[in-house]
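Taking it in order: structure first as structure tokens, then the write-up.
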Amino acid sequence: MNPNSTQYFFTSLLIVIAVLSVLIFLPFLTPLVFAVSLAVIFGPVYRFILRSFFSNKSKSTTAALITLILVVLIVLVPGFFITTKMYSEIQDMYYFLTDESGRSSMIAFLNTVSDAGSNLLFDIYPAFSFDSLNVTEYLQQGVEWAFGHIDTLFTGIGKVLMVIFVTFFALFYFLRDGKEFKEQIIALSPLMDTDDERIFGKLEQAVYSIVGGSLIVGVVQGILTGVGFALFQVPQPVVWGSIAAVAALIPGIGTALVVVPAILYLFFTGSTLYAVGLLVWGLLAVGLIDNLLGPVLMNRGIKIHPFIILLSVLGGITFFGLVGFILGPLILAFLFALLEIYKVSRRQV
């Protein structure tokens, strides 16, 4: 047989099998990306346990299991309690808004804000009246929509549970066998080992930037926002603290999207002292976290302009869904690693 024909056949077969393999693993893309990210973040913890209690073995099932339990305690347990509390607070919010006294209080507050805004603009724009706002009708429509899509809701819950299970199952093996996986990938790669190491380094830095530098800071800011809301009597502090954690991911604005309206709410409802207290809390306890904790966590991160990272996050979410939050910057880091390899190779020519 012609050697060229054999080579073409093997290459074609390899491509087909590779594509089929990608399609097989594609449904598990989200949990695998989450697992790899958690393995990078908690890898130092695993190695510390390994060195301290298992005589520096190359890998240990027990050390990986202990690290996995720690991750579950750090991630899942607080998440469960926060979700439970959020459900309770959303129920309270629903009952408040459907009650006539609650509806009247909210409309009076909105009218006060509208009047203040009009006065602030020297009556250039007349104050808008919210008297005709029917909150109950909108809430009922929302409940009817939720019941109409109850099957989708349960399907979504099933998918979330599957993602959680696969994520932690994969995390165990990435912690225990991650070094071997990395060595096998480097051995199979046609690139030089130094180039492979550079790529892995860039990807690791991207994980530290997004998970370490953004998510952890956002969670801490969200927690502090919720604590501040509870201290200064803002309703549903857990709900708004969770929203603040998401808002913290927006550069330049962040938690101000949640804290500023809460300060205005306290001010317009007559709680001026609480409003001042929340303002001070927002500036000191919440605002400084981004300036103090952020640089510490981002120090090991990828050196790319924050605006470019933001675009990669938004683009990743657009193409890949929720997992694109991490996958977008990882692809960007991969690109920059390849560009560095190309730059070095051009110099050597």
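The values are calculated or read from the model by the stated rules, or taken from the named source; none is laboratory data. Keep in mind it's a predicted model, so treat the numbers as computed, not measured. Here the Cβ is made from the backbone with ideal geometry for all residues, glycine too, and neighbour counts use every protein chain on show.
The set of residues in region 244-263 being surrounded by 17 or more Cβ atoms within 10 Å (Cβ to Cβ) and in a helix (DSSP H, G or I) consists of 244, 245, 247, 256, 258, 259, 262, 263. Take residue 241 and decide whether it is surrounded by 14 or more Cβ atoms within 10 Å (Cβ to Cβ), outside any helix (DSSP H, G or I), touching a Gly at 6+ places or on another chain (Cβ under 9 Å) and not hydroxyl-bearing (Ser, Thr, Tyr). Judged against the criteria, residue 241 is not a match.
Answer yes if at least one residue in region 218-226 is small (Gly, Ala, Ser), touching a residue at least 60 places away in the same chain (Cβ under 8 Å) and out of contact with any His (no Cβ under 8 Å at 6 or more places or on another chain), and no otherwise. Scanning region 218-226, I find no residue that is small (Gly, Ala, Ser), touching a residue at least 60 places away in the same chain (Cβ under 8 Å) and out of contact with any His (no Cβ under 8 Å at 6 or more places or on another chain), so the answer is no.
Looking at region 180-194, can you tell me whether even one residue there is among the acidic types (Asp, Glu) and closer than 21 Å to residue 308 by Cβ? Within region 180-194, not a single residue is among the acidic types (Asp, Glu) and closer than 21 Å to residue 308 by Cβ.
Taking (1) among the hydroxyl-bearing types (Ser, Thr, Tyr); (2) modelled with pLDDT under 85; (3) crowded, with 16+ Cβ neighbours inside 10 Å in turn, residue 84 satisfies each apart from (3). Exactly one residue among 235, 190 is part of a loop (DSSP other than H, G, I, E, B), surrounded by fewer than 22 Cβ atoms within 10 Å (Cβ to Cβ) and free of Cβ contacts under 8 Å to residues at least 40 places away in the same chain, and that residue is 190. For the residues 160, 166, 219, the requirement of being assigned to a helix (DSSP H, G or I) and in the same structural domain as residue 338 (by TED's automatic domain parsing) singles out 219.
Scanning for something assigned to a helix (DSSP H, G or I), modelled with pLDDT of 80 or more and assigned by TED's automatic domain parsing to the domain that holds residue 231, does region 333-345 turn up at least one residue? Yes, region 333-345 has at least one match. Looking at this structure, is residue 201 of a type in the set (Gly, Ala, Ser), over 14 Å from the mean Cα position of the chain (by Cα) and surrounded by 22 or more Cβ atoms within 10 Å (Cβ to Cβ)? Considered against the rule, which asks whether it is of a type in the set (Gly, Ala, Ser), over 14 Å from the mean Cα position of the chain (by Cα) and surrounded by 22 or more Cβ atoms within 10 Å (Cβ to Cβ), residue 201 comes out as no. Residue count for region 178-196, restricted to those that are farther than 12 Å from residue 43 by Cβ and either touching a Leu at 6+ places or on another chain (Cβ under 8 Å) or at pLDDT 85 or above (or both): 7.
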